[in-house]
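Asks: My structure is below; once you've seen it, I'll send some questions.
FYI, it's all coordinate maths here, none of it is from the lab. Note that the structure is predicted; figures quoted are calculated from it, not measured. Neighbour counts run over all protein chains shown; Cβ positions are idealised from the backbone, glycine included.
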Protein chains: 2
Amino acid sequence: MGFLHEGHLSLFRKARRENDIVIGSIFVNPAQFGPHEDFSRYPRNLKRDCALLAKEKADWLFVPGPKALYPGNYQTFVDPGALARGLCGRSRPGHFRGVATVVAKLLNLALPDRAYFGQKDYQQALVIKKMIQDLHLPVKMKICPIVRDRDGLALSSRNSYLTPEERERALCLARSLNVAKRLIMKGIREKRAIRTAIRKILVPELSRIDYVEILDARDLSPVKRISGTILIALAGFVGKVRLIDNCLLNIPE
Amino acid sequence: MGFLHEGHLSLFRKARRENDIVIGSIFVNPAQFGPHEDFSRYPRNLKRDCALLAKEKADWLFVPGPKALYPGNYQTFVDPGALARGLCGRSRPGHFRGVATVVAKLLNLALPDRAYFGQKDYQQALVIKKMIQDLHLPVKMKICPIVRDRDGLALSSRNSYLTPEERERALCLARSLNVAKRLIMKGIREKRAIRTAIRKILVPELSRIDYVEILDARDLSPVKRISGTILIALAGFVGKVRLIDNCLLNIPE
C-alpha cells in the first residue's frame, strides 16, 4: 500500500536475506476501502517509497495504476470466509474481500516462492494464509513481528494523519496491551478482567473503541479462559483516525 | 467431473498433441451443485474413466476425494461477476462460484501451461477465462468444439440419465439450433423471429424450457439484432433431466 515505514522495510530486509530476487509492490488497493473510507486521502509518496526500496536493494518494484489491476470490466473477487467476519471485518464490510483479491492477483503475477506480511494486520495475515491454503497458491507465507516506534506506537501509514496531541493519545493502545500482558504474566486468566483493564486505559484517550477482543490466535474463535495461543486485538479511533494494534501470547495450559 | 465421454476425450487428445505432460483430473465437485441438484446421483465410473485416460496416455490422473479439496474448515471461494449471472447462473445460483473455485484450486495445484475446456459449457468457459484474466492465473486456456453423437445430441455425462424415449426428445435441442442457423444463413436478422422458431421446436418435446437466449458471445450481453459474434444458448428439461446446448455464429456486420 506504499507510504513505507520501518515495518514494511523490516519485511523487505527479511525477504532480502532469505531470497535471491526481491520484488516490492506498491499499490493503494481501491477494492479494500469502503465507500466512506480514506482511499482518496490515503497517504502516498511514491518517490520516497522508490528511494527507500532502492536503498534496500529491491530487484524489482511493481507499481501498477488502479486501471491495470481493475480494468473497466473487472469482475472476479476472492471471497474469504469466517476468518474475515469478526474484528476489522465487522466494521469494514468487504475489506478483506478486497485484500484477498488483490493479494491473489499480486501473488499470481509475481509467482514468488515466499511472501512477507506484517503481524500488525494479524487478521489480514490469517485471511491470506487461509486463502493460500484453500486455493493452493504456490507460495510460502511469512508473518513478521510488529515494528514499533520508541514510544511503543505500532508503525502504520495512517499514523501520519495524527496531530502531535493525537499521537500522544494513540499510545494508549500499546500501553493497554502491555498492561494486559503484565496481568496475564501475574496469573490472571479471566478474559473479562483483562478486557476491563484494557478498556479502562483506552476509554479516556480514544474517541471511540471499535473492539477489544481476546481470541484463539489460530482461527480467531472465542476463548473462555486465557490459555494456549492467544491474540489480544484492539481497534479504535483517535480523533477521526482508525488505528489497530495486537499482541500474541503463548500461555501454557 | 468424470464419467468421461468423447467430448472429454477430445480435449484430452488435443492436450496430448500440444504438450509434453498431460494431467487428467476427475472430481465431482460438490461446491457447484445446488442443494436440490443431482450431486449424490451424478454418474460416476472411476474405473472406466481411469482405463479411458490410460488408453489416451495420460501422464497423471488427479482423483482427490471431496475432503482433500474441501476440508472441514474450508472457507475461501472465487466469486465470478456479471458473466455468471445470466443463463445457467440464473437457474443455478452459486453454481459458477463453485466452478470458479474448484478450477482455481485445480489450476494452482497443477500449474499447467495450458488448460482445455469444452464449448458445450460455454458460459462456464467464459467465466473461467475471465477468472484467469482477472486473477492473472499463469495458464493459457483453450476452448474446444462441442462433440455430438451421430444423431446430433451434444455429449454430456447427464445423457446417461435419459430413457430411450427421452433421448429421442432431447434431439430437439440440436435440431432447433440447426433451424436457427439455417434461418440466419437465409438472411433473417431479427432476434425475435429466431427465438420463436427455436421455441416452436422445443415446446412439444421439453417438459420445461429454462432459457432460449441470443447474446453477444464475447461477454453474454444482450444483442438487438443478429450480427457480429453471436451465441445461441439453450437449456431445458427432458423429463427431469436438465440439458444444455449452444452454437456460436460469426455474422458479418
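Asks: Starting from the Cα gyration tensor of chain A, take the square roots of the eigenvalues, sort them a ≥ b ≥ c, and report rounded, prolate or oblate (rounded when a/c is under 1.5, otherwise prolate if a/b is larger than b/c, else oblate).
Replies: Cα axes put chain A in the prolate bin.
Asks: Expressed as a fraction of 2.2 N^0.38 Å, the rule-of-thumb size for a compact globular protein of N residues, what is the C-alpha radius of gyration of the stretch A:60-163?
Replies: It is 1.17.
Asks: Then there's this: Applying 1/(1 + (r/R0)^6) with R0 = 41 Å to the Cβ-Cβ distance of B:Arg208 and B:Glu18, what FRET efficiency is obtained, to the nearest 0.05?
Replies: 0.55
Asks: Could I ask something else about it? Quick check on the stretch B:131-244: take the gyration tensor over C-alpha atoms, sort the square-rooted eigenvalues as a ≥ b ≥ c, and tell me if it's rounded (a/c under 1.5), prolate or oblate.
Replies: Taking the square roots of the gyration eigenvalues as a ≥ b ≥ c, the stretch B:131-244 is oblate.
Asks: Quick one: check the C-alpha center-to-center distance for the stretch A:1-41 versus the stretch A:199-253, whole angstrom.
Replies: So the two Cα centres are separated by 24 Å.
Asks: Hey, another quick one. What are the distances, in nm and sorted shortest first, from the label point of B:Ser91 to the label points of the same position in each other copy, with each label point placed 7 Å from Cα along the Cα-to-Cβ direction?
Replies: 4.7
Asks: Using the alpha-carbon atoms, what tilt in degrees (0 to 90, nearest 10) does helix B:95-110 show relative to the longest principal axis of chain B?
Replies: Between the helix axis and the principal axis of chain B, the angle is about 40 degrees.
Asks: Next up: Whole number please: convex hull volume per residue, Cα atoms of the protein assembly as shown, in Å³.
Replies: Output value, Cα hull per residue: 188 Å³.
Asks: Based on alpha-carbon centroids, what's the gap between the stretch B:65-142 and the stretch A:102-148 in Å, whole number please?
Replies: 22
Asks: Kindly give the distances from A:Asn19 to its copy-mates, label point to label point, with each label point 7 Å from Cα along Cα→Cβ, as nm values to one decimal ordered shortest first.
Replies: A:Asn19 label point versus its equivalents elsewhere: 2.6 nm.
Asks: Among B:Ala58, B:Ile128, B:Gly94, pick out the residue whose Cα is farthest towards the positive end of the charge dipole of the stretch B:18-150, where Lys and Arg carry +1 and Asp and Glu carry -1 on C-beta, about the Cα centre.
Replies: Positive-end residue among those listed: B:Gly94.
Asks: Now, a different point. For B:Lys140, which aspartates and glutamates qualify as cross-link partners when the Cα separation must be under 14 Å and same-chain residues fewer than eight apart are set aside?
Replies: Candidates past the 8-residue exclusion: B:Glu18, B:Asp113.
Asks: With θ set to phi - 60° and the Karplus curve 6.51 cos²θ - 1.76 cosθ + 1.60, what are the ³J(HN,Hα) couplings of the stretch B:29-37 in order, to the nearest whole Hz, using x for Gly and Pro?
Replies: Calculated HN-Hα couplings, in order: 7, x, 5, 9, 9, x, x, 10, 8 Hz.
Asks: Roughly how big is chain B's charge dipole about its Cα centre, with Cβ charges of +1 (Lys, Arg) and -1 (Asp, Glu), in debye to the nearest 20?
Replies: Computed about the Cα centre, the dipole is about 500 debye.
Asks: As a check on your reading of the symmetry: which chain B residue has its Cβ nearest the axis that brings B onto A, and how far is it in Å?
Replies: For chain B, the closest residue to the axis carrying it onto A is B:Asp79, 2.
Asks: Antiparallel DSSP bridges in chain B: what percent, to the nearest 5?
Replies: 75
Asks: Under the rule a/c < 1.5 gives rounded, and otherwise a/b versus b/c splits prolate from oblate, where does the stretch A:10-78 land using the Cα gyration tensor?
Replies: prolate
Asks: Right, something else. Any idea what the dipole of the stretch B:1-122 comes to, in debye rounded to 20, about its Cα centre with Lys/Arg Cβ at +1 and Asp/Glu Cβ at -1?
Replies: Roughly 220 debye, rounded to the nearest 20.
Asks: Under the convention of a label 7 Å out along Cα→Cβ, give the distances in nm from B:Leu61 to the same position in every other copy, shortest first.
Replies: Shortest to longest, the spacings are 5.2 nm.
Asks: As I understand it, the value is the acute angle between the Cα axis of helix A:191-202 and the longest principal axis of the Cα atoms of chain A; what does it come to in degrees, rounded to 10?
Replies: It works out to around 70 degrees.
Asks: May I pose another question? Grab the DSSP H runs of the protein assembly as shown that are 4 residues or longer, score each as -39,500 (n - 2.57), total them, divide by all residues and round the 222 nm result to the nearest 500 deg cm²/dmol.
Replies: Helix-only estimate at 222 nm: -12000 deg cm²/dmol.
Asks: Assign unit charges at the C-beta atoms only (+1 for Lys and Arg, -1 for Asp and Glu), then state the dipole size of the stretch B:136-252 relative to its Cα centre in Debye, rounded to the nearest 20.
Replies: Its charge dipole is roughly 360 debye.
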